[in-house]
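This report concerns only the one structure given below.
Since every read-out is calculated from the coordinates, none of them should be taken as a lab result. It should be emphasised that the depicted structure is a prediction, and the values quoted were computed from it without experimental measurement. Here the Cβ is made from the backbone with ideal geometry for all residues, glycine too, and neighbour counts use every protein chain on show.
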Amino acid sequence: MDASGQLMMVARRLNGMGGTTVLSKVSLVAPNEREDIHLPSNTKAVRALCVKPYTRHALVASLGKKLVIVSTESNTTVHTYDLPAPAWSCSWDINSSYYVYTGLQNGMVLCFDMRQTSTPVEIRNGLSCNPVHTLISVAPDSSGTRTLLTASQIGICEWNFGSSEERPYLIPESTNEGQVCISLAHSGRDDVVASFRPKIETSTQIAISQSPSMSCGVEGCHVVYKRRGAHSYQKTASLVAEVDSIRLPKCSIINKPNHSPMFVTANEVTSDLVLHDIYKLGVVQRLKTPKNQIWDVKCTQIGNSSVMGCSSGEVVQLFT
């Protein structure tokens, strides 16, 4: 969602057109107003979509080994980057209009400069070959390095770009034996929330993944961390919770004026959006969705109101 442009972007695959993928631009002021932006051919399924406020640009990471930048003003493609592996996540740099990042299926993270086309300016290998399913740009420290937080099966990593540090730092507090990290949310300040579920043996995981109907709820947990600085994180709270046995749940953090931040996570087993007070981790509210497959959850601030968008099935819901 783009609060400055008062619009929401939704990725859709059109029926009867060879699986063509489009971005639907929906007005937050008049939700019935919609325009479609066609993505380049062979884009395939979209794994992540990020809108850059004020610049009128959207960043698209796809399984077609492409990272695409589109203009939400002219409804055209600005850049298309070919990638060495399918993209699972993406992010704009929080302090720069030029740098963009993508996390790949093979564990790599790439940085591109929009002023230079075609090739990445930095390529970093991960600590494992697991997909980087979440990637977030966070405020840099006093050294001016560009910092990312990523999540994959092994836990949460901090990456510093524009520095001599070539390997990511695995946050020790996020490595839980017998569990895998399945989601990550950042408040834009110092609060980080990660979710975990029990590790599944590879042979079992493959068998289950081919039968989505066998997805069920298992006992996992949500963990809150406080970011104290570079390579410094403190675990402050945790909560046992029901999580999906297969899918990666969508989550976000709502920064509401004069209130504690709220952590929202999608429970696809019950078709709920569950809102927690981030400091007490108590359940504040449960919101129903029409489908049990929740594609995405995003939050933004428009004026004095916090707005949350949820895409599930063919339905997009807005909550304030």
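Assorted remarks:
- Simple point charges give the picture: +1 on the Cβ of Lys and Arg, -1 on the Cβ of Asp and Glu, and for segment 176-320 a dipole about the Cα centre of about 420 debye.
- Segment 51-65 - phi-based ³J(HN,Hα) in whole Hz, Karplus 6.51/-1.76/1.60, Gly and Pro as x: 9, 8, x, 6, 8, 6, 10, 10, 10, 10, 9, 10, 6, x, 6
- Taking other Cβ atoms within 10 Å as a rough exposure proxy, R146, R34 sort from fewest to most as R34, R146.
- Proximal lysines relative to K199, as straight alpha-carbon distance under 23 Å, when same-chain residues fewer than 8 apart are discounted: K235, K250
- Distance between the modelled labels on S143 and H259, one decimal in nanometres: 3.8 nm (7 Å Cα→Cβ projection).
- Sequence-ordered 3J(HN,Hα) estimates for segment 143-160 from the Karplus curve with 6.51, -1.76 and 1.60 and θ = phi - 60° stand at 6, x, 5, 8, 10, 10, 10, 10, 10, 9, 4, 6, x, 9, 10, 9, 10, 10 Hz, glycine and proline given as x.
- Residue exposure sequence - S183, S164, S41, S271 - by fewest surrounding Cβ within 10 Å: S164, S41, S271, S183
- Sequence of S312, S24 once ranked by neighbouring C-beta atoms within 10 Å, starting from the fewest: S24, S312
- Q285/E242 FRET efficiency (R0 22 Å; Cβ-Cβ; nearest 0.05): 0.85
- Here the label points at A30 and S97, each 7 Å from Cα along the C-beta direction, are separated by 2.8 nm in the simple model.
- With the convex hull drawn around the C-alpha atoms of segment 176-320, the volume per residue stands at 118 Å³.
- The ellipsoid equivalent to the alpha-carbon distribution of segment 1-170 has semi-axes of 27, 18, 14 angstrom, derived from the gyration tensor eigenvalues as √(5λ) and listed largest first.
- Cα→Cβ-extended label distance, 7 Å offset, between I302 and R12, nm: 1.8 nm
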